[in-house]
1. Suppose we keep only residues that are farther than 13 Å from D288 by Cβ and away from ligand 3 (no atom under 16 Å from the Cβ) within segment 245-254. Which one would you say is surrounded by the most Cβ atoms within 10 Å (Cβ to Cβ)?
2. Go through F426, F381 for me and flag whichever is closer than 23 Å to E367 by Cβ, in contact (Cβ under 8 Å) with a residue 12 or more places away in the chain, surrounded by 20 or more Cβ atoms within 10 Å (Cβ to Cβ) and not acidic (D, E).
3. Could we say that F329 is assigned by TED's automatic domain parsing to the domain that holds R372 and part of a helix (DSSP H, G or I) here?
4. For residues that are within 18 Å of W210 (Cβ to Cβ) and either modelled with pLDDT under 95 or basic (K, R) (or both), tally how many sit in segment 123-151.
5. For segment 170-195, which positions are more than 16 Å from ligand 1 (Cβ to nearest atom), surrounded by 13 or more Cβ atoms within 10 Å (Cβ to Cβ), on the phi < 0 side of the Ramachandran plot and in contact (Cβ under 8 Å) with a residue 24 or more places away in the chain?
6. Being in the same structural domain as K103 (by TED's automatic domain parsing), assigned to a strand (DSSP E or B) and away from ligand 2 (no atom under 16 Å from the Cβ) is the requirement here; does G175 meet it?
7. Working carefully through the options E130, E167, find the one that is within 22 Å of the chain's Cα centre (by Cα) and touching a residue at least 24 places away in the same chain (Cβ under 8 Å).
8. Here are some residues: V206, V293. Which one is touching a residue at least 24 places away in the same chain (Cβ under 8 Å), more than 25 Å from I106 (Cα to Cα) and β-branched (V, I, T)?
Amino acid sequence: MTSKEIREAFLTFFKSKSHQIVPSAPVVVKNDPTLMFTNAGMNQFKELFLGEAQPKYARVADTQRCLRVSGKHNDLEEVGIDTYHHTLFEMLGNWSFGDYFKKEAISWAWELLTAVYGLDKDRLYVTIFEGDESEGLPKDVEARDFWKDLIAEDRILLGNKKDNFWEMGETGPCGPCSEIHYDMRPDEERRQTPGQALVNADHPQVIEIWNLVFMQFNRLKSGKLEPLPAKHVDTGMGFERLVRAIQGKTSNYDTDVFQPTIQFIAERSGIAYGADEKTDIAMRVLSDHIRAVSFAIADGQLPSNNKAGYVIRRILRRAVRYAYTFLDFKNPFIHELVPLLAKQFEGVFDGLAQQQSFVQKVILEEEVSFLRTLTTGIQRFENYAIDHADVDGEFAFELFDTYGFPIDLTELLAREKGLKVDMEGFQGALQKQKERSRAATAIDTGDWVVVAPEEDEETAFVGYDYLEASTRLV
Ligand code: ATP
Ligand code: MG
Ligand code: MG
Ligand code: MG
């Protein structure tokens with residue numbers, strides 16, 4: 001099955017179970033102070049779960065574009081390094097608003113995965129909530145009993161509150177969840193070590209595919225749980241992971257979701273995908289980040305210097321740095337990937353094709369300006385290298401702070417000239433900067449300062465770069 005067919009089969013399946021297929025919400029969230037970007041399929045239904053709005057349909061399904069690059073779910077640092085976390089991904093979901101509950105959600109999930117998609121039953125594992133006495137949360141015996149009719153008992157695993165209990169916030173709707181995992185290791189390896197111990201253990205071949213959340217309680221301010229009058233189902237399945245499982249690949253990037261983009265990058269860089277770990281990571285980062293940046297722009301969030309805009313700018317700059325450092329793209333290149341994506345998402349998320357030239361133009365401008373900064377920084381480095389035997393920490397920090405050089409890039413340049421970088425000095429300078437900015441924030445929040453909107457737009461929000469500085473490019 002192609003990825004297009006897999007997506008269609010999901011929607012057709014739930015349509016046949018009387019679900020209304022609804023469009024994805026934009027990935028950019030404009031009127032929720034608690035959320036910058038849509039990070040799960042359920043976001044657009046939040047008011048329904050809180051009882052603040054009435055559902056139009058009792059059963060809906062969709063594919064939602066999600067972005068997990070800030071806040072509670074931030075997967076950015078994993079992206080490209082691992083093969084199953086993306087910045088932007090599609091979450092396939094089905095919902096019941098006070099209609100069906102655990103039995104149907106579980107049996108339909110099983111039917112879809114095994115009968116429609118033909119996934120191997122011997123590779124599937126499910127988890128159910130084990131309960132938490134200290135919080136008065138019961139074990140989810142109902143979910144376990146429904147699963148028992150479908151799957152061998154030793155494949156039903158108990159999960160803790162972190163993985164198997166969902167809460168919207170400190171108060172409000174919450175409930176146990178049941179996750180479905182797929183073991184994609186070769187037969188031989190599976191015979192030697194059973195998959196049970198590898199579920200939820202960050203194993204790159206034993207991965208979570210689908211999460212079924214059963215909202216059945218309401219948590220009160222006192223911490224007490226009361227049963228919800230109407231129970232809901234909220235599910236989310238990672239589309240790219242599902243495609244990988246069905247297509248039998250060992251990486252999401254080997255599926256037809258990412259390969260067209262990766263092959264294009266390989267062709268243009270003259271480097272084959274698979275030739276080297278570092279260039280592979282760079283190609284994965286590019287093929288992933290272009291999706292996040294393109295959809296954010298198409299959905300109305302331009303790169304800028306603060307808040308959501310800065311998150312997008314940072315993702316784009318991260319892509320530029322990988323392209324520049326490891327794939328030798330010294331001229332703007334990333335914007336050329338947009339038409340490929342627009343074509344790929346035709347009939348799914350049409351907004352990108354409609355705004356293709358605008359999105360490309362914005363990305364090109366960002367690339368030009370960031371590459372200029374990088375080039376100036378490299379010039380600065382060349383001059384420095386003439387009369388310095390090594391790179392001191394303060395200078396490495398200047399490159400980082402003023403020219404946006406991750407420490408890897410500085411090390412790479414230094415290595416080419418046979419210089420060593422004073423890493424301790426760099427970390428020290430970074431630490432000092434962090435303390436300075438923390439102190440500055442402390443003063444800010446202690447004052448009542450009215451900031452004019454234009455001024456606010458111009459204020460560089462530097463927090464995220466400092467978070468990234470301590471981590472490495474690869
Ligand atoms: P993981 O444990 O792998 O980080 P999760 O438990 O954080 O996933 P959920 O919040 O349960 O994920 O989201 C539902 C589904 O969305 C997951 O089962 C997974 O298939 C998919 N998913 C979650 N995060 C990502 C991501 N960053 N990239 C691609 N798919 C993802
Ligand atoms: Mg996660
Ligand atoms: Mg998980
Ligand atoms: Mg999960």
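1. Looking at the filtered set, the residue picked out is I246.
2. Residue meeting the stated conditions: F381.
3. On the way: assigned by TED's automatic domain parsing to the domain that holds R372: yes; part of a helix (DSSP H, G or I): no.
Answer is no for this residue.
4. 2
5. T171, R190 - these are the residues of segment 170-195 that are more than 16 Å from ligand 1 (Cβ to nearest atom), surrounded by 13 or more Cβ atoms within 10 Å (Cβ to Cβ), on the phi < 0 side of the Ramachandran plot and in contact (Cβ under 8 Å) with a residue 24 or more places away in the chain.
6. The answer is yes for G175.
7. None of the others qualify; the one that does is E167.
8. On inspection, the qualifying residue turns out to be V293.
The values are calculated or read from the model by the stated rules, or taken from the named source; none is laboratory data. Fair warning: this is a prediction, and the values are worked out from it, not measured in the lab. Every residue, glycine as well, gets a Cβ built from its backbone with ideal geometry; the counts of neighbours run over all protein chains shown.
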